[in-house]
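Below is one structure, written out as structure tokens; comments come after it.
Values quoted throughout were computed directly from the atomic coordinates according to the rules given, and no laboratory measurement underlies them. Because the structure is predicted, anything quoted here is derived from the model rather than measured. FYI the Cβ positions are ideal-geometry reconstructions off the backbone, even for glycines, and counts take in every protein chain you see.
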Amino acid sequence: MTEQSGEAGYLTGQLLVAMPQMQDPRFARSVVYMCAHTANGAMGLVLNKLVDNVTFPDLLEQLNIGSGDVERDIHVHFGGPVETGRGFVLHSADYVQDATMVIDQQFALTATVDILKAIAQGEGPENSLLALGYAGWGPGQLDGEIQANGWLSVPADPGLLFGDNLDSKWEQAMAKIGIDFSQLSGDAGHA
């Protein structure tokens, strides 16, 4: 999973924004950060949906991790429908462990308990997003969804990734590429 943003049509390090006609309710109006996209498939995390009834302190308690001095309100996101019991932390690249997958110069992904401990103790990355589950696509599946007018690709930036306003993240991502979402048509090939 070493493909970088822009290589041979792969979208690693980019955002996918669901088109208005997205039929799958798990992805309607979603913004997905692409952690990996290769010929073998793709993996991303939904950035703008939360897991109901799970808080960061609850998660720490379930994992027998002391809550330490957690100063910020950390939300638990719905990362996607695959492996919903598994946690992933998308974070700024200022924090790297042996198990960290560095995506690009700005972002990295870690899926170990150690990063949760570090965040709980106030020693983790400057910016982070905690997600349960992920969005996954088999070989060629995401490419087909993009060709079928299901997704738009948008450059990622820390403000959009780690911003707290989940309700407007979809609109912000659309606006980033100059699209007024109210003007989009649900018909393929028509804007």
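See the values below:
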| quantity | calculated |
| --- | --- |
| Test: residue in the range 62-71 that is out of contact with any Pro (no Cβ under 8 Å at 6 or more places or on another chain) and among the acidic types (Asp, Glu) | yes |
| In the range 33-60, the residues that are under 12 Å from the mean Cα position of the chain (by Cα) and in a loop (DSSP other than H, G, I, E, B) | Leu47, Asn48, Lys49 |
| Selected residue [of a type outside the set (D, E, K, R) and within 21 Å of Ala148 (Cβ to Cβ)] from Pro25, Pro57 | Pro25 |
| Condition met for Ile103 (farther than 19 Å from Pro57 by Cα and of a type in the set (Val, Ile, Thr)) | yes |
| Residue within the range 158-172 that is of a type in the set (Gly, Ala, Ser), under 20 Å from Pro20 (Cβ atoms) and in contact (Cβ under 8 Å) with a residue 60 or more places away in the chain present | no |
